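Derivation of every value follows stated rules applied to the coordinates shown; laboratory data play no part. Since the structure is predicted, the reported quantities are computational estimates derived from the model, not experimental observations. Please note: Cβ atoms are built from the backbone with ideal geometry, for glycine as well, and neighbour counts cover all protein chains shown.
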Amino acid sequence: MIVGPSKRRRDWVSFFASRHWQPEAFARLVEADEIGSAFFEVETQINGLYRARQLAHARQRQAGPPVDGEHLGEGAVKARWLTASFEPFRAALGPRQRDLDLGLMRWIRRASCLSVVIGAGATMDAGGPSWAELVRRLLAHLAEHGRDICEMRLTPESTPDNLEYRRVVTGRERLPADAASRARAVLALIDAGTADIETLMEGAQICHEFLGQALFTDLTGILYEGQRRPGAIHRAIAELAAPIEVTDRGGLFPGWDAIITYNFDDLMGEALDEAGVARAAYAMRGDQVAGDPNQLARERGPHGLHQPIYHLHGYTPRRLFLIAKVQFVFATSQYTRTYGGSPAGIVGEVFARCLANPVRHALYVGCSFDDEAMNELLRQAARALPGRYHYALLRWPGDGRFAAATADEVALAAARYVSMGVRPIWFDDFGEIPGLIRCLA
């Protein structure tokens, strides 16, 4: 299936320019065209409607003439109409819908308008822990060993002109009885495979209350143990991160509009380093978004072209790195601080720049969609931008192979995600993910 401009484009332009869009005329146009071409023209029109609205808002912000609110709303109404009218043709394709979405994403990425959002699955693909495993290891160690009480002491080799200090363990503190009881309850649920998101956050909260920011020093050791390296998913994403020429936008742009990650580790950044891509990791340091560029990005200067990586929940690279002021989102209290109100900080920046930007799209990779905070961001964007979708690589939940699924089975499995503005890109085996990413080249 080829997704691209239609040979009947004049007919599409004429239809879109008409004063009243008739369902019968729309259906005849789709049926007379190649399905991939019809889909491309419909999606291009939706993009144009939202682009016009975006430009109108920009003019309004620049204190230009007042913008007609009804005109702005008309674009969303038309986008919703187009999506609903095309949906029966799309649904009839069954598993072949995947070809439509991959084909369209190819065009979006080549315009540097596609971001990739990375979840724990990418770290697990590299041999790292799942969130449940990470919480379990931290909590089990704390429940069994407590924490070391340390102080810095002068070494015997120290001189008045050269003071040398060494960290010395002077004692050990155990979890209070109440916290130890809570820890055992959480560990039991994790071991039974019944721990939900709230339970895992409670386990993380116990660790954070006892260890404070030092928790993330222990966490860093787990993330990089055994000299762990980037996995196949990281490398596939890195292959598509090289700068691309976008003629319509007049220059070079990053291969991905942004790389957004919910993971603490820097394995994605290391994959970009290996691929020779200038990149910078961004995370919250105190109340500010701070960047950590690699050598190539530093050489290009603060305004040079580089691939941004946004660490929404915190950042801890392999090398020695001061994490004292880095804001992490791991425990219940940290989730409440970050997601308790309107999106702010780095989450707010990414939401406005990528997720709720009408002419930007995102591909979710390695995300389970169990995190309601993440899902609510998507719902907010979907409510504001009807007819505009993000995408997600997801394992097919059916009993058989995805290619053998019926149209009804595909629609039923997709319904939950579509309701939050996400089109699933189904696969059967996790090993397919790197190849599906490379399809977007």
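What is the distance, in nm, between label points placed 7 Å from the Cα along the Cα-to-Cβ direction at Arg229 and at Ala411?
It works out to 4.8 nm between the two label points.
With charges only on Cβ, +1 for K and R and -1 for D and E, what is the dipole size of the chain about its Cα centre, in debye, rounded to 20?
1180 debye
Rounded, prolate or oblate: which fits segment 131-227 when a ≥ b ≥ c are the square roots of the eigenvalues of the alpha-carbon gyration tensor, with rounded for a/c under 1.5 and prolate only if a/b beats b/c?
Taking the square roots of the gyration eigenvalues as a ≥ b ≥ c, segment 131-227 is prolate.
If you take all C-alpha pairs in the chain, what percent of them are over 31 Å apart?
Value for the chain (Cα pairs over 31 Å): 48 percent.
Provide Met105, Met152 in ascending order of the number of other Cβ atoms located within 10 Å of each residue's Cβ, fewest first.
Starting with the residue having the fewest Cβ neighbours, the order is Met152, Met105.
List every residue whose amide H lies under 5 Å from the amide H of Ile425, counting only residues 5 or more places away in sequence or on a different chain, with H placed 1.01 Å from N in the peptide plane.
Those qualifying (amide H under 5 Å, at least 5 residues apart or on another chain) are Ala392, Leu393, Leu394.
What full-extension length gain, to one decimal in nm, is calculated for Arg401 and Glu133 as 0.36 nm per residue of separation minus the Cα-Cα distance?
Contour length minus the Cα-Cα distance gives 93.6 nm.
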